[in-house]
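Undergrad: This is the structure I have questions about; it appears just below.
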Amino acid sequence: IGEALELSEQYTGTGTPDIVTLRHPNTRQPAVFLFSPANNSVQEVLTFSEEKRSWFIDDSVKSDGKMHLSTPIDPIFLVLPYLRKYCHSKAQPLDQILMDEEFPETVRLLKSSGLKYLNLIADRKGDEDFNGFKYNEEKTLIWLQKKTERVADILKQKNIHVASGAASATFVKSTVGEAVDNEAYLRYAHGIVSEYLMEDLSQKLLKYLNLPEDVNVNKRKSSSGNLQQPEAKKLKPEDEEKAHSSSVLDLSKPEIKISKMPVQNLREKARAKAASGSKSITSFFKKS
């Protein structure tokens, strides 16, 4: 997402990219990233792992179903949580706020080319030696709005089906002629961008985009089997008699089954009727 998409060619230079662990901007939990040899570009490492799946790679087959992919990420997303935490009320030097004891490799972000756009989310204070920044939420929301609109435009260009929900993880090509309104694309794009934002900032962006809260969120969350059925309405005493006389089946009482006479019994009854008045075979052997 963002300007970092234009920096991927820097990985073709000499040297081996380094795999490092940083805080994920959304969960704040450890996540794996790939830095170019000069630390001027960074990519997120994604892992796809499914038990019953194989991958065809050129002329070979990878049978365990696990694959690691890297995708460019705008380094501003990785710096944003530190700015919000340490530079909300006053300007701080960037090299100080990126000193993370648990994730010491965070300082590599200082060399990222994408940070030249940091003024889009913060106000720069002092000279280049001080290199201080103060977080600006209004700028940040404008920046995130442009990101979201850009993602929405790409979804439209690629004719991606987004009607199933804004946070869906599966992209499905839409059928020819299917019309999806701009709000659906914008909501879907908001879900993608929010994967790199903390929850409170994601909600602020939703309001900034003038998107109403998705009323179907609870329904999607209930897909795991926790969907509660509405409570059945109880009939009033005066309505119960009407219910008995109607053709509607009353499920509140045990079902009364009307058993039919088995076919075998009908056949036996017919044979008995045909045999009436006939003598038994043993009567022919009796003495007269």
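The values are calculated or read from the model by the stated rules, or taken from the named source; none is laboratory data. Bear in mind the structure is a predicted one, so any value in this text is a computation, not a measurement. Ideal geometry is used to build each Cβ from the backbone, glycine not excepted, and the neighbour counts take in all protein chains shown.
Undergrad: State which residue pairs qualify: first residue under 26 Å from SER112 (Cβ atoms) and inside segment 47-76, second residue β-branched (Val, Ile, Thr) and exposed (fewer than 11 other Cβ atoms within 10 Å of the Cβ) in any location, beta carbons under 6 Å apart, and separation of 6 or more residues or different chains.
TA: HIS68/THR47
Undergrad: Here is a further query. How do the helices (runs of 4 or more DSSP H) wholly within segment 60-172 filter down when requiring 2 or more residues that are more than 30 Å from ASP18 (Cβ to Cβ) and touching a helix residue (DSSP H, G or I) at 6+ places or on another chain (Cβ under 9 Å): which remain? Write out each step before concluding.
TA: Details: elements: 75-86, 94-97, 137-157.
Those helices (runs of 4 or more DSSP H) span 137-157.
Undergrad: Which one of the conditions (1) surrounded by 14 or more Cβ atoms within 10 Å (Cβ to Cβ); (2) farther than 20 Å from ASP74 by Cβ; (3) at pLDDT 95 or above; (4) of a type in the set (D, E, K, R) does LYS207 fail to meet, given that it meets all the rest?
TA: It fails just one condition, (1).
Undergrad: How many of the residues in segment 93-149 are within 19 Å of ILE73 (Cα to Cα), surrounded by 14 or more Cβ atoms within 10 Å (Cβ to Cβ) and not aliphatic (A, V, I, L, M)?
TA: Of the residues in that region, 15 qualify.
Undergrad: Kindly list the number of the only condition in (1) within 30 Å of ARG187 (Cα to Cα); (2) touching a Gly at 6+ places or on another chain (Cβ under 9 Å); (3) modelled with pLDDT of 90 or more that fails for SER36.
TA: (1)
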